[in-house]
Amino acid sequence: MKYKLFNYLVLTLAASSVNFTVLNNKAIAGNQVSQNPTKILLARKVICDPMCREVSRSDSFYIISPVGTLIDNNLPKFSWSRIPKTTSYIVRLSSSEGTLWQSETTNTEISYPQNQPALKPGKAYDLTVKAIGAEERETETRFIILTPQEAQTVNNEVANIRKQNLAPQDTALKIAELYEKNNLTSLAEKNYQQALNIAESRGDLNGQAWARVKLARVNLTVENHKKAISLLKTAHVNYEALKNKELSTQIAQFLGEVYDSLNKKQESIAWYQQAKTGYQQLNDKKRLEWVEKQLNRLR
């Protein structure tokens, strides 16, 4: 069964202004290195095309690492989420040439086999993990390793950011955004988490909220919806405490879209309704009109 995939609504800050941008999940599924998101006012739905994976968006079984692009590791460690009552996991790595190797483990991670050739930069690989137990489940992802030239370019940009003598929190955010732009998902998540940790240690509620939004976006790209939703809900509480009506309303819409993409109708309606109320208070007619269309569609 094909599922409609949402271009998840993403918040971006530029100085004192707030813009809406879109993160296209099809680029991840199609193994395309992420480009700068296209700026638009409102999020919009797209129909899953042949390059999209035909899996349920509510599936809790997913690949943790590697995802997207790897910068310099041609012998990666593979990890995935745990499924209860599973006796073992069958791990298979393949490419356009067919299956490269297959292994079975009782753990939720496995190191790259020492008796196998190192992976080649610039080539796409498909990782499939099958859970064996009371219920058989399967998940997969595609990843690519940067060429040495591409990796050097990214490393140079990271070095340039570090030379700017920014505050540690801003440095972590900028580096995370660079990694995310280049589809280096694991590194992006690591640096967004670092920014969140710094914000928490400083009691910076606004910084915490923003880092959580960024982390949620990264988790959506790897289909970790549960964690993404938790992060967004906490960010919503943060912005409510800060009395930032504009951002709390936008996150309510974001949550509405995420639940909508998971076919969770009641939750989606509840968050869209919150967004509707917020946009009415803000007199944001264009966004209000869009949210009302979603509510009419769901009811």
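Quick look at the numbers
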quantity: Out of 215, 231, 205, sole residue that is surrounded by fewer than 21 Cβ atoms within 10 Å (Cβ to Cβ), of a type in the set (A, V, I, L, M) and modelled with pLDDT of 95 or more; calculated: 205
quantity: Set 141, 147, 128, 108: member being among the β-branched types (Val, Ile, Thr), at pLDDT below 95, surrounded by 13 or more Cβ atoms within 10 Å (Cβ to Cβ) and under 23 Å from residue 82 (Cβ atoms); calculated: 141
quantity: Test: residue 187 is out of contact with any Lys or Arg (no Cβ under 6 Å at 6 or more places or on another chain), without any contact (Cβ under 8 Å) to a residue 60 or more places away in the chain, closer than 22 Å to residue 223 by Cα and not in a strand (DSSP E or B); calculated: no
quantity: Selection within region 111-145 - under 17 Å from residue 65 (Cα atoms), touching a Ser or Thr at 6+ places or on another chain (Cβ under 6 Å) and among the aliphatic types (A, V, I, L, M); calculated: 127, 129, 131, 144
quantity: Filter result for residue 230 (under 30 Å from residue 140 (Cβ atoms), hydroxyl-bearing (Ser, Thr, Tyr) and in contact with a Gly (Cβ under 8 Å, 6 or more places away or on another chain)); calculated: no
quantity: Residue 152 being part of a helix (DSSP H, G or I), assigned by TED's automatic domain parsing to the domain that holds residue 215, free of Cβ contacts under 8 Å to residues at least 60 places away in the same chain and in contact with a Gly (Cβ under 8 Å, 6 or more places away or on another chain); calculated: no
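The values are calculated or read from the model by the stated rules, or taken from the named source; none is laboratory data. This is a predicted model, so every value here is computed, not measured. Glycine also receives a Cβ, built like all others from the backbone with ideal geometry; neighbour counts cover every protein chain displayed.
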